[in-house]
Amino acid sequence: MLYFKTAGESHGKCLIAIIEGFPAGVFIDTSVINADLKRRQGGMGRGGRMQIEDDCVEILCGIRKNTTLGSPVCLMIKNRDHKIDELPAVTRPRPGHADLSGVIKYHEQDARNILERASARETAARVAAGAVAKILLSSFGIGVFGYVQGIGGITSDKFLNKKDIDIARTIRDKSPLYCIDQDIEGKIMEKIRQTTEKGDSLGGIIEVIAYGLPVGLGNHTQWDMKLDARLAYALMSVQAIKGVELGLGCNAANKVGSEVHDEIFYEKPRQDKLLTGGFKRLTNNAGGIEGGISNGEPIVARAYMKPIPTLKKPLRSVDLLTKEPITATYERSDVCAVPAAAVVCEAMVAFEIARAFLEKFGTDSMDEIKRNYEGYLTSI
């Protein structure tokens, strides 16, 4: 089974991602990984740390001549700002962070031992792993596109169709917010500037669309095999994400069934209709998943990110040692990390889609997977 784990601390020597279950025969272009790492470092509202780091991946093992071997792939991203042993102790826990819960759980007196691993710096390793998954998926015409739908309560109401994604990607990659709605971009930028002056922080909404998927990824037979549940789990694991929805999401609870469910039609298959066997929908309120199984429509997931808990004007807290009331610690941090989180969410969706894809079509080699995939499309 495809899986990855990460290791490393925010100010340690490096971050590591180890990918297991990745098939042999995939050509890995490190420039693709580095492009995603660079995107993660960008976006308006980022803090000073991003001016220090220049994230680049080094593949330590699992490939030969830039091609995967089927053995575990180890990705390393070095930290320039590696000074963990010199950093001072933290005894003033931040509301909203893992500081207090972590020190109690692990019987610590220094929250530094918790926050170094809980830090969102860890997501650089996730983005690298997700980029590798996207390289695999692209061989089968599957793409994953993440962007910022809104920040600080200013939200786009634009609906993105699959045919618009190439144009939207160009707009996103030029945007300092990774936003595709230029009508709200200026308002959000002004809000970030005002929030920076106040010493506060902002959250927002991220949408990720996976397209080009066939019917049949995921499974209805067990709770932990349902694709929508797995995507929700993957997205909720990202630091500061507090809510996830697919398709119509929470709005479905306020509508009647005839307004929610996507009617089914049939069109005699052409070469470009094999992904669904000719069945199609005119709407996609389900977000591409029904009964835990992909239905051939684009998968649409949204993640809701809370504001960063590290504030330049800290909230009230209690000292871990003296138990006296104080203000929380201020660590160098972002005002708004929603654009960066969009890159992370995109990576997590890509990896989970790749995992479901390999479960369906095999994991040993690209030759085997392509043969199984083409046979499946022919059969449907």
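In order along the range 197-203, the Karplus-derived 3J(HN,Hα) couplings, from 6.51 cos²θ - 1.76 cosθ + 1.60 at θ = phi - 60°, round to 4, 7, x, 10, 9, 10, x Hz, and Gly and Pro are given as x.
Helix 366-379 versus the longest principal axis of the chain: what angle, 0 to 90°, nearest 10, using Cα atoms? Taking the Cα atoms of the chain, the angle to 366-379 is about 50 degrees. Taking the chain as the reference, fit the longest principal axis to its C-alpha atoms, fit the long axis of helix 123-138 to the helix C-alpha atoms, and give the angle between the two in degrees, 0 to 90, nearest 10. It works out to around 10 degrees.
Of all lysines in the structure, those lying under 26 Å Cα to Cα from residue 323, and not within fewer than 8 positions of it along the same chain, are 105, 312, 313. Placing pseudo-labels 7 Å out from each Cα toward the beta carbon at residue 223 and residue 27 gives an inter-label distance of 4.5 nm.
The overall shape of the range 115-262 is rounded: from the C-alpha gyration tensor, with semi-axes ordered a ≥ b ≥ c, the ratio a/c is less than 1.5. For the range 1-116, the fraction of C-alpha pairs farther apart than 25 angstrom is 39 percent. Model label sites at residue 61 and residue 359, defined 7 Å from Cα along the beta-carbon direction, differ in position by 2.8 nm.
At a probe radius of 1.4 angstrom, the accessible area of the chain per residue rounds to 48 square angstrom. Inter-part distance, the range 248-267 to the range 57-132, computed on C-alpha centroids, equals 41 Å.
Taking GluC sites (Glu not before Pro) across the range 40-106, the ones in a DSSP loop with at most 10 further Cβ atoms lying within 10 angstrom of their Cβ are 86.
Quick one: ranking 3, 106, 233, 147 by accessible area, 1.4 Å probe, largest first, what do you get?
233, 106, 3, 147
What order, most packed first, do the peptides 17-25, 353-361, 214-222 have when packing is the mean number of other Cβ atoms within 10 Å of each residue?
In descending order of packing, they fall as 353-361, 17-25, 214-222.
Accessible surface for residue 333 stands near 30 Å², nearest 10, in the context of the full protein assembly shown (1.4 Å probe). Indicate the gyration tensor shape class of the range 190-291 (rounded, prolate or oblate), computed on the Cα atoms with a ≥ b ≥ c the square roots of the eigenvalues: a/c under 1.5 is rounded; otherwise a/b larger than b/c is prolate and the rest oblate. It comes out prolate by the Cα gyration axes. Rolling a 1.4 Å probe across all protein chains gives residue 311 an accessible area of roughly 20 Å². Excluding same-chain neighbours fewer than eight residues apart, the lysines reachable from residue 280 by a Cα-Cα span under 19 Å are 162, 163, 268.
Taking the C-alpha atoms only, the angle from helix 30-41 to the longest principal axis of the chain is near 50 degrees.
Sites listed here are trypsin sites (Lys or Arg not before Pro) in the range 138-204 whose DSSP assignment is loop and whose Cβ has at most 16 other Cβ atoms within 10 Å: 158. Run the accessible area of the range 22-108 with a 1.4 Å probe and give the carbon-and-sulfur part as a rounded percent. Of the solvent-accessible surface of the range 22-108, carbon and sulfur hold 52 percent. Taken over the alpha carbons of the chain as equal point scatterers, the Debye sum produces base-10 log I(q)/I(0) values at 0.07, 0.09, 0.12 Å⁻¹ of -0.33, -0.55, -0.96.
Less than 5 angstrom separates the built amide H of residue 43 from none of the residues sequence-distant by 5 or more or on a different chain.
Among the GluC sites (Glu not before Pro) in the range 210-305, those placed in a DSSP loop whose Cβ has at most 10 other Cβ atoms within 10 Å are 263, 267. With θ taken as phi - 60° and the Karplus curve 6.51 cos²θ - 1.76 cosθ + 1.60 applied, the whole-hertz 3J(HN,Hα) list for the range 58-73 is 10, 8, 7, 6, x, 9, 9, 6, 6, 10, 5, 9, x, 8, x, 9 Hz, x standing for glycine and proline.
Counting only protein chain heavy atoms and rolling a 1.4 Å probe, the accessible areas of 139, 10, 365 rank, largest first, as 139, 365, 10.
Backbone geometry of the range 177-193 corresponds, through the Karplus equation with coefficients 6.51, -1.76 and 1.60 at θ = phi - 60°, to 3J(HN,Hα) couplings of 10, 6, 9, 10, 9, 6, 6, 9, 4, x, 5, 5, 4, 5, 5, 5, 4 Hz, x marking Gly and Pro. Every helix of 4 or more DSSP H residues in the chain counts as -39500 (n - 2.57), and over all residues that averages to -10000 deg cm²/dmol at 222 nm.
The values are calculated or read from the model by the stated rules, or taken from the named source; none is laboratory data. Here the structure is a predicted model, which is why all the values come from computation and not from measurement. As a convention, Cβ positions derive from the backbone with ideal geometry for all residues, glycine included, and neighbour counts pool all protein chains shown. The protein model used for the area step is the full one, side chains on, heavy atoms only, and it has no ligands, DNA or RNA in it. Shrake-Rupley method; radii C 1.70, N 1.55, O 1.52, S 1.80 Å.
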